[in-house]
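Written below as structure tokens is the structure these notes are about.
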Amino acid sequence: MPRNCPHCDSKKISGSYFVRFGFFFRSSDSRYIQRYRCVSCRFTCSNATFNAWFRQKKRQKNHALRMRLAGAGSLRRAAKDLHLNRKTVARKLAALGFEAAFHLKKGNLEKPKARVIEFDDLETFEHTKCKPLSITLAVESKTRRILGIEVSTIAAKGLLVEKAKKYGRRPDGRSKARARLFRDLQEMVVEDVLIKSDSNPHYRKDVLKYFPKAKYRQYEGKRGSLGGQGELKKTKFDPLFSLNHTCAMFRANVNRLIRKTWCTTKRADRLYAHLMIYAHYHNQNLG
Ligand SMILES: [Zn+2]
């Protein structure tokens, strides 16, 4: 029951200016929802008004959709199986992603601060391989808890440079994405955290800027390419195993990241939403 009226701002120190004002029946989960009315301005609202899922239709399908998206399901097949419209599923992806991002961050802030973390970039693309995207990812060592994810655009490389010209200039957003990720990570790690990454020359400057007291170690290593051997290397000992394992889990469980798939990302923001749904599921259930 709301305490203050959002319409006329009337307040009372104890109790409320609202009186009960009937019910309405919510068909999507077959529940009766209490309505209220403000006694001074006659504004009405209900228990649903201030809920995160206000005006969501088909809310009974949210959980099934969440499970599918975190378990290598495609949007189209989810729509078909759950008897939803494709557009409904696309909208729900955005909403569920938003919710998952909030819970992922909240969950991470409630956990004890990480002492050893690993980070790297994972590559994928939107629409065509000429428009690559980078996923910057940080995980806690050993537990493989996902601490943060950022998505950014990168320019095409190699043989695709010539072909990619028709799509115009594509800015490299990796450094800004790294800055966003590191700012978030500052609250989740101890001051003298041990940070591990591959030997990318751009990393050191950013790590020292955001974590001045951290110990930073870089490791030489073959990188997994888009169509290549994958994140899990056939080496004896992988110092970035937690990270590479998590990347492999993303590849296996986020449908649009599976190698050589028909299913591709069309929009970077929806990729982010999908990653958040998986990451939240990963931290809750797999860890
Ligand atoms: Zn009022």
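The values are calculated or read from the model by the stated rules, or taken from the named source; none is laboratory data. Predicted, not measured: the structure shown is a model, and the values here were computed from it. Glycine gets a Cβ as well: all are built from the backbone with ideal geometry, and neighbour counts include every protein chain shown.
Regarding the range 125-143, can at least one residue be identified that is acidic (Asp, Glu) and within 17 Å of ASN200 (Cα to Cα)?
Initial filter on the range 125-143 (acidic (Asp, Glu)): 126, 140.
Subset that is within 17 Å of ASN200 (Cα to Cα): none.
Looking for residues that are acidic (Asp, Glu) and within 17 Å of ASN200 (Cα to Cα), one finds none in the range 125-143, hence no.
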(request) Output yes when any residue across the range 19-28 is farther than 30 Å from LEU82 by Cβ, more than 14 Å from the ligand (Cβ to nearest atom) and at pLDDT 80 or above, and no when none is. (result) yes
(request) Output the number of residues of the range 153-162 satisfying the condition of being crowded, with 17+ Cβ neighbours inside 10 Å and without any contact (Cβ under 8 Å) to a residue 40 or more places away in the chain. (result) 2
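Can you confirm whether HIS280 is farther than 28 Å from GLN218 by Cβ and touching a residue at least 24 places away in the same chain (Cβ under 8 Å)? Steps first, please.
Numbers: farther than 28 Å from GLN218 by Cβ: yes; touching a residue at least 24 places away in the same chain (Cβ under 8 Å): yes.
Yes; evaluated as a whole, the condition is true for this residue.
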(request) Give the range 40-67 a look and list any residue that's surrounded by 14 or more Cβ atoms within 10 Å (Cβ to Cβ) and within 16 Å of the ligand (Cβ to nearest atom), or say none. (result) PHE43, THR44, CYS45, SER46, THR49
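Which helices (runs of 4 or more DSSP H) does the range 138-213 wholly contain that include 3 or more residues that are touching a helix residue (DSSP H, G or I) at 6+ places or on another chain (Cβ under 8 Å)? Break it down stepwise before answering.
Numbers: elements: 160-164, 174-185, 203-210.
Of the helices (runs of 4 or more DSSP H) lying wholly inside the range 138-213, those with at least 3 residues that are touching a helix residue (DSSP H, G or I) at 6+ places or on another chain (Cβ under 8 Å) span 174-185, 203-210.
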(request) Have a look at SER10, SER74, SER14 and point out the one that is surrounded by 12 or more Cβ atoms within 10 Å (Cβ to Cβ), small (Gly, Ala, Ser) and modelled with pLDDT under 90. (result) SER10
(request) Please determine, by comparing only the residues of the range 22-39 that are of a type in the set (S, T, N, Q) and surrounded by 13 or more Cβ atoms within 10 Å (Cβ to Cβ), which one is nearest to ARG59 (Cα to Cα). (result) SER28
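Specify which of the listed residues (ARG20, ARG91, ARG55) is closer than 30 Å to CYS8 by Cβ and out of contact with any strand residue (DSSP E or B) (no Cβ under 8 Å at 6 or more places or on another chain).
Working: ARG20 fails: out of contact with any strand residue (DSSP E or B) (no Cβ under 8 Å at 6 or more places or on another chain); ARG91 fails: closer than 30 Å to CYS8 by Cβ.
Checking each option against the conditions leaves just ARG55.
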(message) Just to be sure before I move on: is ALA114 in the same structural domain as ARG217 (by TED's automatic domain parsing), hydrophobic (A, V, I, L, M, F, W, C) and within 30 Å of LYS142 (Cα to Cα) in the structure I sent?
(response) yes
